[in-house]
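All remarks here apply to the structure that follows.
The values are calculated or read from the model by the stated rules, or taken from the named source; none is laboratory data. Keep in mind it's a predicted model, so treat the numbers as computed, not measured. Cβ sites come from the backbone with ideal geometry, for glycine too, and all protein chains shown count toward neighbours.
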Amino acid sequence: MSEWPILDLFYWLGVVAALLAVGYFGGFWIGRRPDRGDNAELRREAEILKLVVEHAHEGLLIQNVNGQIEWSNPSYSRITGYSAEEVLGRRPQEYILTPNNQLSPEEVENFQYDLTKIKTGGNELILNRRANGEYFWNELTFAVVEADRKENTKIILICRDVTNQVEHLKELEEAQNRLKHQAEHDDLTGVANRSKLSSFLQEQVTASMGSSSQIGLVHFDLDHFKDVNDAHGHSAGDAVLRHAADALMSVLGDKGVVARIGGDEFLAVLPEPESAEHMEALGAQILAGLAKPVKVDGHRLRVGGSVGLVLADGSKLSASELINRADMALYAAKRSGRSQITWYTDTLGAAHRYRRMSLAQLDQDLETGDLRLLMQPMYCANRRQIVGYEVTPRWLHPSEGLVDPVKLLSSKEDVKRIAEIERFALQRGLVEVKRLRESSNIPFFVSVNLTGASLNDRGFCEAIKTMSDDVEFSRNDIHIELDEKIIRFDETDGLSQAMDEINRLGCQISLDQFGGGHGGAGLLLHVEAEGLKISPGLIAGIETGENERKLVQSILRLAGEFGLEASAAGVDRPEQVKILKELGCTVIQGNAVSGLLTPREAEAHMREFELETQ
């Protein structure tokens with residue numbers, strides 16, 4: 001069947017008319033003429049058919065087996081621009097072919113239809129040229145009128161100008177190609193997207209079956225990309241992403257498929273890479289290309305990246321397993337200090353599986369509330385009694401024993417888990433400290449250390465309100481400790497708003513690890529806090545270090561000027577207690593008072609403890 005089957009009624013009438021015309025008018029070609037005695041009805045029908053032939057929309061030719069034109073209708077002249085007189089006795093190949101399809105004079109002269117191949121109803125679509133030089137698409141349909149001898153056989157050629165249809169289909173095809181390209185490529189960077197990469201990788205895995213050919217993966221992302229967006233805006237971030245894509249394409253573009261799979265993450269698939277050494281060299285080239293500065297609004301930005309590499313037998317792993325290995329390699333590269341190139345290894349895979357199993361157990365224990373709570377008392381030397389407890393969560397790790405679960409988790413990837421753990425600590429801590437308050441008639445406060453995971457949890461402040469109301473615990477006696485290194489007042493990360501909400505609840509904010517070298521005194525200008533806790537690192541050196549003692553003294557003086565209550569953590573020895581009292585710090589926490597205690601141990605300790613001082 002033809003690729004262009006849209007033939008209307010007039011087209012078929014033209015074909016039939018042409019065939020009958022050959023039979024009726026062409027008697028002289030095969031040595032026969034109509035009888036003079038033919039009846040008038042037959043002559044009338046012949047005249048009708050002649051009119052159809054001459055007025056058919058399609059061009060009609062009658063040719064002999066050598067391709068020479070013996071008759072044409074007016075539509076053929078209209079389509080081609082050549083009159084009937086100009087084409088009579090000639091072959092179409094002499095005048096209608098485009099320059100790219102020209103035949104030599106010998107080929108034209110020797111042309112003859114191969115009657116074993118050409119059949120009535122056969123179709124051909126060809127680009128031809130009109131008399132004025134204009135190109136057009138010509139759909140040819142052949143009809144063969146066989147005779148008793150080959151030389152008397154006639155070929156009827158039906159011509160249709162289908163240029164509009166072809167151009168329309170071309171436009172449709174181009175539109176489809178554009179849509180396909182858009183569906184498979186990232187709008188911002190122009191590289192492939194996750195969908196395109198997944199299908200390409202699956203094709204490579206399928207092709208590897210039975211051949212043991214290797215597949216290479218290069219997993220790449222930018223280091224500290226969020227800092228670029230925060231400091232310079234998203235337009236700068238977009239420019240950096242395009243720069244990263246260009247660096248990847250310049251190195252890997254002709255070796256496989258490069259895709260942006262999300263955010264600042266890129267993944268490339270390399271079919272049958274040369275060697276592991278070659279892949280590592282490619283990784284180094286990528287980092288070198290990325291290191292070139294990007295010019296954005298007069299600024300020269302420099303960014304780094306991390307690369308994870310995988311080289312594996314494609315017949316032994318699925319596409320998802322290969323991508324998982326690339327994820328692990330990239331994650332290891334970022335953990336090893338960033339701007340690194342790291343290979344996936346079986347050891348790395350085993351560690352990842354172990355971590356995954358551990359997290360699954362942690363999730364289960366979180367769901368059932370099967371975490372532990374430990375408490376460390378805070379002692380006031382002036383009042384000579386315990387005044388509060390810092391509560392902290394612990395989890396019974398399958399192989400490592402009782403651990404701080406927050407320290408096992410990534411602050412970026414495990415935000416939800418961290419927030420749940422901190423919520424557990426506060427909720428259980430309120431219950432246990434309330435019990436100690438009731439048994440001692442002392443209004444202990446409860447202190448809990450929170451991270452950005454909780455501060456950025458929109459429901460956390462409401463949870464504090466609900467938890468304190470449930471146990472009838474005054475929110476003024478809830479101290480929220482924030483490590484100074486998570487408070488960066490030069491970033492709009494939502495922490496300041498969360499701290500404002502905590503203050504409105506009536507809770508007190510205390511800056512933890514103060515003097516640890518992360519935040520500095522400038523924090524006091526931006527955080528509405530009620531207290532600060534001196535870093536254990538400073539306390540550890542106050543017995544022998546003159547500078548440490550001076551710095552602690554300066555912090556205590558600064559706290560007094562800002563109206564903050566100062567305390568010290570990591571106070572482990574009586575000598576440190578004595579020095580702190582001399583410097584004016586009376587609230588202490590550490591082994592000099594007690595280490596971490598279970599709630600039952602805390603109750604017994606509360607009743608029996610007396611501070612030993614020199």
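Observations on the structure shown:
- Scope region 438-467; condition at pLDDT below 95, of a type in the set (Ser, Thr, Tyr) and surrounded by 15 or more Cβ atoms within 10 Å (Cβ to Cβ); matching residues: Thr451, Ser454
Yes/no matrix, rows are residues, columns are (1) among the basic types (Lys, Arg); (2) closer than 19 Å to Glu277 by Cα; (3) modelled with pLDDT under 90:
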| position | (1), (2), (3) |
| --- | --- |
| Leu309 | no, yes, no |
| Ser320 | no, no, no |
| Asp327 | no, no, no |
| Ser336 | no, no, yes |
| Ser339 | no, yes, yes |
| Trp343 | no, yes, no |
| Asp346 | no, yes, no |
| Arg353 | yes, no, yes |
| Gln361 | no, no, no |
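- Test: residue in region 26-44 that is of a type in the set (Phe, Trp, Tyr), at pLDDT 90 or above and surrounded by 12 or more Cβ atoms within 10 Å (Cβ to Cβ): no
- If the condition is being buried (at least 16 other Cβ atoms within 10 Å of the Cβ) and in a loop (DSSP other than H, G, I, E, B), then region 306-329 contributes Gly314, Ser315, Leu317.
- Among the residues of region 55-103, the ones that are assigned to a helix (DSSP H, G or I), touching a helix residue (DSSP H, G or I) at 6+ places or on another chain (Cβ under 8 Å) and surrounded by fewer than 20 Cβ atoms within 10 Å (Cβ to Cβ) come to 6 in all.
- Selection of region 571-591 for residues being closer than 11 Å to Gln376 by Cα and either of a type in the set (Lys, Arg) or surrounded by 14 or more Cβ atoms within 10 Å (Cβ to Cβ) (or both) yields Ile588, Gln589, Gly590.
- Residues of region 399-424 that are assigned to a loop (DSSP other than H, G, I, E, B) and closer than 28 Å to Ala566 by Cβ: Asp404, Ser411.
- Exactly one residue out of Arg194, Arg242 is of a type in the set (Lys, Arg), in contact (Cβ under 8 Å) with a residue 24 or more places away in the chain and within 18 Å of Lys295 (Cβ to Cβ): that is Arg242.
- Counting only residues that are in contact with a strand residue (DSSP E or B) (Cβ under 6 Å, 6 or more places away or on another chain) and in a strand (DSSP E or B), region 290-305 holds 4 of them.
- Residue match in region 376-383 (condition: aliphatic (A, V, I, L, M), touching a helix residue (DSSP H, G or I) at 6+ places or on another chain (Cβ under 8 Å) and at pLDDT 90 or above): no
- Filtered residues of region 422-437 (kept if within 34 Å of the chain's Cα centre (by Cα) and either surrounded by 22 or more Cβ atoms within 10 Å (Cβ to Cβ) or among the charged types (D, E, K, R) (or both)): Glu422, Arg423
- Candidate set from region 277-302 (those that are touching a residue at least 60 places away in the same chain (Cβ under 8 Å) and more than 16 Å from Val251 (Cβ to Cβ)); member that is surrounded by the fewest Cβ atoms within 10 Å (Cβ to Cβ): Asp297
- Residue match in region 545-559 (condition: touching a residue at least 40 places away in the same chain (Cβ under 8 Å) and under 51 Å from the mean Cα position of the chain (by Cα)): yes
- Flag for Arg178 being modelled with pLDDT of 85 or more and under 25 Å from the mean Cα position of the chain (by Cα): no
- Reported count of residues in region 340-371, each being in contact with a Pro (Cβ under 7 Å, 6 or more places away or on another chain), crowded, with 18+ Cβ neighbours inside 10 Å and more than 16 Å from Ser410 (Cα to Cα), is 1.
- Within region 474-508, considering residues that are of a type in the set (Val, Ile, Thr) and buried (at least 21 other Cβ atoms within 10 Å of the Cβ), the one modelled with the lowest pLDDT: Ile487
- Filtering region 190-201 to residues that are assigned to a helix (DSSP H, G or I) and surrounded by fewer than 15 Cβ atoms within 10 Å (Cβ to Cβ) leaves Ser195, Ser199.
- Of the residues making up region 425-462, those that are free of Cβ contacts under 8 Å to residues at least 12 places away in the same chain and either assigned to a loop (DSSP other than H, G, I, E, B) or not assigned by TED's automatic domain parsing to the domain that holds Gln376 (or both) are Asn441, Arg458, Gly459.
- Meets criteria (under 30 Å from Thr98 (Cα atoms), surrounded by 13 or more Cβ atoms within 10 Å (Cβ to Cβ), in contact with a strand residue (DSSP E or B) (Cβ under 7 Å, 6 or more places away or on another chain) and not basic (Lys, Arg)) for Glu184: no
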